[in-house]
1. Could you bin all the Cα-Cα distances of segment 1-140 into 5 Å bins starting at 0 and give me the percent of pairs in each, rounded to whole numbers?
2. Can you give me the distance in nm between label points at L232 and Y162, each placed 7 Å from the Cα along the Cα-to-Cβ direction?
3. Expected output is a single nm value to one decimal: the length gained when fully extending between A175 and E14, i.e. 0.36 nm times separation in residues minus the C-alpha distance. What is it?
4. Cβ neighbours within 10 Å, averaged per peptide: list 211-218, 114-121 in order, most packed at the top.
5. In the chain, which helices (entire DSSP H runs) extend 15 Å or more along their own long axis, judged by Cα positions, while averaging at least -1.0 on the Kyte-Doolittle scale?
6. Within the chain, what percent of beta bridges assigned by DSSP are antiparallel, to the nearest 5?
7. Direction-averaged shadow area of the convex hull around the Cα atoms of segment 75-165, nm²?
8. Tell me the volume per residue, in Å³, of the convex hull enclosing the alpha carbons of segment 42-108.
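Please treat every number below as a calculation from the coordinates, not as lab data. These numbers were taken from a predicted model, which means no experiment stands behind them. Every residue, glycine among them, receives a Cβ derived from its backbone with ideal geometry; neighbour counts consider all protein chains shown.
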Amino acid sequence: MKRVIFLGSKHFGEKNDVGVLAKQSAAALQGQIDVTHCTFEDLLFTITEKQRSIIDTASGVDLAEADLVIAMNWYSTSQKSLRDLAFTVALYLQEHGVKFWNSEMILQRSTTKLSAMWQLRAADVPVPDTVFSLNHQAAAATWRNEQAIVKDIAGSRGRNNYLVHTHEELERLLADKPDTHVLVQQFIPNDYDVRVVCFGGEPRLVIKRQRQSDDTHLNNTSQGGQATLLSLEKLPPEIIERTKKICQLTGREMAGIDYLVANNGTDAYICLEVNAIPQLTSGSFTSEKYEQLSDTIRDTLGKD
């Protein structure tokens with residue numbers, strides 16, 4: 001039997017109530033099609049190398065099992081916007097060939113780390129294992145590791161970014177932030193990270209950022225990390241190519257792509273974020289950024 005899922009928000013009120021729409025549609029279809037509903041607040045997003053899924057925790061249904069998803073209530077651009085959640089849902093449904101209404105849901109850009117992690121992992125770019133849910137209890141229950149990074153999905157400069165060491169600590173932190181949109185991510189041991197500043201879709205500058213104290217897990221210069229300018233030759237060739245690929249994938253010719261460099265014996269470059277505005281007029285090495293930007297503009301216009 002074909003399945004239709006109405007997807008909406010618990011907090012939208014009587015206007016376009018997906019529960020009511022599902023009930024009325026089911027009655028009209030007279031059992032010919034299975035009609036159910038779920039809410040964004042109950043979705044659990046999982047992003048790992050082996051699994052990417054979006055599950056309704058209330059019913060256990062995977063959205064990819066639907067034949068049609070009708071999504072509503074996500075249009076608001078308020079601080080607690082559901083737009084990026086809807087975008088990530090659309091990416092998932094598109095991958096699995098599931099129809100969704102309205103199709104404009106896919107005609108967006110990534111605005112938080114959630115959809116960014118999804119897009120990167122779908123393109124085989126290594127990212128930390130990630131879970132996300134507005135139902136914080138569900139997110140905590142799914143997390144199997146002791147340590148975790150908990151970060152605001154729209155945070156910047158290391159704000160609202162925490163390292164927890166036990167599952168109990170994770171549960172307490174999530175319980176203290178019931179209305180905050182946060183990712184739970186794998187903690188990867190490291191000594192530093194690098195920001196690759198790109199202009200014209202090409203890597204132009206590499207800034208190494210290294211924390212100066214064991215009292216923090218953050219390497220951000222805004223959180224006290226030390227910045228060092230590296231030559232592009234310090235990047236492995238495959239990371240140069242991966243960086244170009246990320247620029248193309250995200251449609252960001254100008255970007256600051258952050259990689260954590262693992263110190264677990266692999267020296268793996270794990271992508272943490274793709275910044276659309278990589279602190280060009282602030283932060284470290286602004287004069288070098290201006291110079292590289294100007295050179296790239298000249299090169300770009302000179303080619304036309």
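1. 2, 10, 20, 24, 22, 13, 6, 3, 1, 0
2. Output for this residue pair reads 4.1 nm.
3. On the way: separation 161, 0.36 × 161 = 57.96 nm, distance 2.83 nm.
Residue separation times 0.36 nm, minus the Cα-Cα distance, leaves 55.1 nm.
4. Put in order of decreasing packing, that is 114-121, 211-218.
5. Working: long enough: 18-29 (16 Å, 1.22); 83-95 (18 Å, 0.38); 237-250 (20 Å, -0.43); 286-303 (26 Å, -1.28).
Span-like helices, by this rule, are 18-29, 83-95, 237-250.
6. Restricted to the chain, the bridges split so that about 80 percent are antiparallel.
7. On the way: hull surface 28.3 nm².
Directional mean of the projected Cα hull area for segment 75-165 stands at 7.1 nm².
8. On the way: hull volume 6.7 nm³, N = 67.
Dividing the Cα hull volume of segment 42-108 by its residue count gives 100 Å³.
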